[in-house]
Amino acid sequence: MGEVFVELKGIKKAYEGVYALKGIDLALRKGEIHCLAGGNGCGKSTLIKTISGVHEPTAGEIYIDGQQMNHMKPLDAIEKGIQVIYQDFAVFPNLTVAENIALNTEIKDRTKVVSYKRMRELAGKAMAQIGADLNPDARLEDLSVAGKQMVALCRAIINNPKLLILDEPTTALTAKEVQKLWGVLRNLREQNIAILLVDHKFDEIRPLVDRLTILRNGEFVSSGLISEYGHVRFQKDMTGHDFSTEKYRPEPSDEPILSVEHISSKGNYEDISFALSKGDVLGITGLLGSGRNEIAEALFGLCPAESGKIVLHGKEVKLKSIKDAVKHEIGFVPEDRLTEGLFTALPITDNTVASSLKKYVRAFGLKSFEMGENTKTWMKRLGVVAVSKDVPVSSLSGGNAQKVVLGKWLNTNPKLLVLVGPSVGMDVGAKAEIHAILRDLAQTGVGVVMVTDDLSELVENCNRILIVKDHKIIKSSDNSLSKKEIEALLMGSDQKEEEA
Amino acid sequence: MKNPLARNKQVGTLIALMALVCVLMLIFCPGSYFTAKNAKSMLFQFPEYGILAFGMMLCMIAGGIDLSLVGIMNLSGLTAALILLALIPEGTEASAEFTAVALIVSSVAALLVGALCGLFNGFLIGYFGIPAMLVTLCSLQLFTGLVYGITGGPAVTGMCDAFKEIANGTIAGTFVPYVLPIFVIVLLVVAFILHKTKLGREIYYLGTNRKASVFSGINTLKTSMLTYMTSGILGGVSGILITSHLNAAKSSNGTSYTLLTILIVVLGGVHPDGGKGDVVGVTLSVLLMQMISNAFTLLHISQDVKNFANGALLILVLVCVMLIRKVEEKKKAQQ
């Protein structure tokens, strides 16, 4: 066991009298990976900002290397060797890998003349240290999310940190990329660096972390070695109640909703066929770039099929544009709900009616009252927690915001709902609520198709599963597959993928 | 669509600024500001650019801008003047009925030209996704160049007296100019479009988040085209008014209005990023700017200095808008 590097004692933080942290103790040791978990709004982000000197705690003590810190500023934390990698990485998309990595050092050393040679050397050194392999001359905007993350890691490493903090590093990564990141973090642990990780996917963190601390509503719930935790305890500590992970297995039905026959789109997907009956929840999974998203997009006219046919409720439909899809009563919940699904500055009501304005047109004006009433109905049925229907969506949590996106489409009375990453970035409780809604929808006869990376989500909620690889379906199953089997199919040694 | 508290604050600020102008004028030239004659002259002036400001407002709420409004105004004003001159040549007399028909025909043609100009802008913006700032800056030159090419430089003049009456006459027996009811009608129509129609909602959606609008199944091309078309029609209305007011159609009429309308709209609470603002704020802002502009005139301040002051004021307002947003974001981040 390494020595304690950072120690927090009874940290409290209040904003305008409301406590976001209610007395947290935490000890981070060198050469140890510590995971901080908790639902949305549990205080994880506030705690990170306290450690990195962005926020000053209202009460409590912070010790770094045994020395008590008072009025710590972000610069003090950096000087003490604390580096934070935030969710958005804060990289410059128009600069190259080498420039991004070396930038901080260049500024710190007050170099006036730019030497690309030195930058490349610095970048090369940092990449070697973490075991990343990126082209130093590639522009950041051309890299994948995982690539950008590696650059952010290199930039942190170059400063010789003693504590590295990663805020939800896996949100946008595929399973394979997560494995790679874990490899890097293990490597850093060997170098006696303390690592604090925010993550709330138990399966993901189990093989990596040494110690786990769980917060809920700003309160300390439990802490201990990872071996002391199992699925049940983790979920219970996260949410405060037990969740049954009962799988979704509807009664088989012979009432067809959707049938997709041999659709292809060059470079996107090839010869895709599947069918969906009443009650079915169909899940599509695959690695990033496998064509899984494009298949979902084909159903919403975003990536139209060039050949083959799509039959919805016994009628062949042509889906060449979003307009066609909306005409045929298909709804689409995009992966990036904040930028593609919602008008965050507008109230819940405006978001709810955005796709169904036609319903409210009358001879003179719009039926505003009905808009409000319908919104209230959906908020109640979907369990949206908000002060009122008039608050902007930006004030809602991730789970509630996603319910508003669902409400927007349900208000159009759709025949088919296509979702990409329906519960990305949500905590266990919010995930369970979204899943319950989707199951209910399927039962009432709405076709539900979801693309997901989250294998637990897939296995528990989809009674039909498609596994996509290299733009083709490699396995179509009525869900007798286990997570392990799906993983094996996804990973199935593919040299081309390794090189990429 | 609106936060009542924020809106009341906006309205309150505008009314306070108006009061401030009154107080200052009471100190500096009480003799000439608070007179019936001055009030009358104010009533004649603001509808012209007030109507333009509504066009600017629609485009800015939709997340764009219409810099070509003055060009549209002059092109449609010229259209009205030429058609009128073709029907009733200079120096000839026509019957009252024929004059009425000629006025209607030329006005409708002017509005049609305005609509076409707007559709042109809206198509380029909506279909190709070229930034509105660039499209309308270019089309401003295009429309202005067309007017210059057609007139050859000198103003087109000599329209019949009835045409002059539109912007210079008053309703018989009162001091109320015709332009005032025209402004009020336009105001009501714009308010209806923005707050009570599907198009109005879609303008707010488009300005708030273009991508989400597309993903929500909103036809953003149609919304863009209709928004800029409406703006173009409003440019046409202003074109008729300014041509009548000056009794001359030329390419250089009202060139200071582009900056003035942006100032009015931003001062009226329309956010430069789109999605925010409404008719009440912009209307009050039109009145405020009229009071300021009139005060400048009475203090014998030249048009050039006015333009300078308007530019400075716009920068000041924008800085305030951004500062307020920063404070709000900080508050939000702390929650």
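The values are calculated or read from the model by the stated rules, or taken from the named source; none is laboratory data. None of the values given here were measured: they were computed from a predicted structure. Virtual Cβ from ideal backbone geometry, glycine too; neighbours counted across all protein chains shown. All accessible areas refer to the heavy atoms of the entire protein, side chains included, with ligands and DNA or RNA removed. Shrake-Rupley method; radii C 1.70, N 1.55, O 1.52, S 1.80 Å.
Worth a mention:
- Taking the range B:45-320 and dividing mean pair separation by its residue count, relative contact order in percent (alpha carbons under 8 Å, at least six apart): 36 percent
- Coarse-grained scattering of the range A:1-111 at q = 0.17, 0.22 Å⁻¹, given as base-10 log I(q)/I(0) from a Debye sum over alpha-carbon atoms: -0.93, -1.26
- R0 of 41 Å, Cβ-Cβ distance residue B:11-residue A:320: FRET efficiency to nearest 0.05: 0.30
- Accessible surface buried by the B/A pair amounts to about 2300 Å², both sides summed, 1.4 Å probe.
- The value of relative contact order for the range B:108-257, using C-alpha pairs under 8 Å at least six residues apart, is 49 percent.
- 222 nm mean residue ellipticity, helices alone, for chain A (DSSP H n ≥ 4; -39,500 (n - 2.57); rounded to 500): -9500 deg cm²/dmol
- Considering only chymotrypsin sites (Phe, Trp or Tyr not before Pro) in DSSP loops that have at most 16 other Cβ atoms within 10 Å, the longest stretch of chain A without any of them is A:87-242.
- Alpha-carbon Debye profile of chain A, log10 I(q)/I(0) at 0.06, 0.08, 0.10, 0.11 Å⁻¹: -0.31, -0.56, -0.87, -1.04
- Net dipole in debye of the protein assembly as shown [+1 Lys, Arg Cβ; -1 Asp, Glu Cβ; about Cα centre; nearest 20]: 1340 debye
- Sites residue A:190 and residue A:413, calculated FRET efficiency, Cβ-Cβ separation with R0 45 Å, nearest 0.05: 0.20
- Sum of -39500 (n - 2.57) over DSSP H runs of 4+, divided by residues of chain B (222 nm, nearest 500): -26500 deg cm²/dmol
- Within the range B:293-320, backbone nitrogen closer than 14 Å to the virtual label 7 Å beyond the Cα of residue B:252 toward Cβ: B:304
- As computed over the protein assembly as shown, the Cα convex hull volume per residue (Å³): 211 Å³
- Residue B:41-residue B:196 FRET efficiency (beta carbon distance; Förster radius 41 Å; 0.05 resolution): 0.75
- The candidates B:139, A:456, arranged from most to least accessible area with a 1.4 Å probe in the full protein assembly, appear as A:456, B:139.
- Taking a point 7 Å from the Cα of residue B:315 along the Cα-to-Cβ direction, the residues of the range B:259-302 with backbone N closer than 19 Å to it are B:259-267, B:272.
- Fully extending the segment from residue A:444 to residue A:14 would add 150.3 nm, taking 0.36 nm per residue of separation and subtracting the current Cα-Cα distance.
- Taken along the Cα-to-beta-carbon direction at a fixed 7 Å, the label points for residue A:397 and residue B:323 span 3.7 nm.
- Members of A:49/A:201; B:196/B:330; A:125/A:162 lying beyond 24 Å, as alpha-carbon distances in this model show: B:196/B:330
- For the range A:73-129, the spherically averaged projection of the C-alpha convex hull amounts to 4.9 nm².
- Estimated inter-spin distance, residue A:144 and residue A:73, nm [label 7 Å along Cα→Cβ]: 4.1 nm
- Here the 3J(HN,Hα) profile of the range B:67-72, calculated from phi with Karplus coefficients 6.51, -1.76 and 1.60 at θ = phi - 60°, is 7, 8, 3, 5, x, 4 Hz, Gly and Pro shown as x.
- Estimated inter-spin distance, residue A:381 and residue A:489, nm [label 7 Å along Cα→Cβ]: 3.3 nm
- Kirkwood hydrodynamic radius of chain B, Cα pairs, Å: 20.7 Å
- For the range B:49-70, the residues whose amide N sits under 19 Å from a probe point set 7 Å from the Cα of residue B:176 along the beta carbon direction are B:51.
- The mean number of Cβ atoms from other chains found within 10 Å of a Cβ in peptide B:202-209 is 5, as a whole number.
- Share of carbon and sulfur in the accessible heavy-atom surface of chain B [1.4 Å probe, %]: 71 percent
- Relative contact order of chain A, pairs being alpha-carbon contacts under 8 Å that are 6 or more residues apart, as %: 15 percent
- Inter-chain Cβ neighbour average for residues A:335-348, partner chain, 10 Å: 5
- Euclidean distance of C-alpha centroids, the range B:69-119 and the range A:344-420, integer Å: 46 Å
- Alpha-carbon centroids, the range A:272-291 and the range A:93-149: separation in whole Å: 39 Å
- Under 15 Å, Cβ to Cβ, from residue A:163 - net charge with Lys/Arg +1 and Asp/Glu -1: -1
- Taking amide H as placed 1.01 Å from N in the peptide plane, the amide H of residue A:20 sits under 5 Å from that of A:13, A:14, A:15, each at least 5 places away or on another chain.
- Maximal additional length on extending the residue B:137-residue B:185 stretch stands at 14.4 nm, based on 0.36 nm per residue less the C-alpha distance.
- Rounded to 5, percent antiparallel among DSSP beta bridges of chain A: 55 percent
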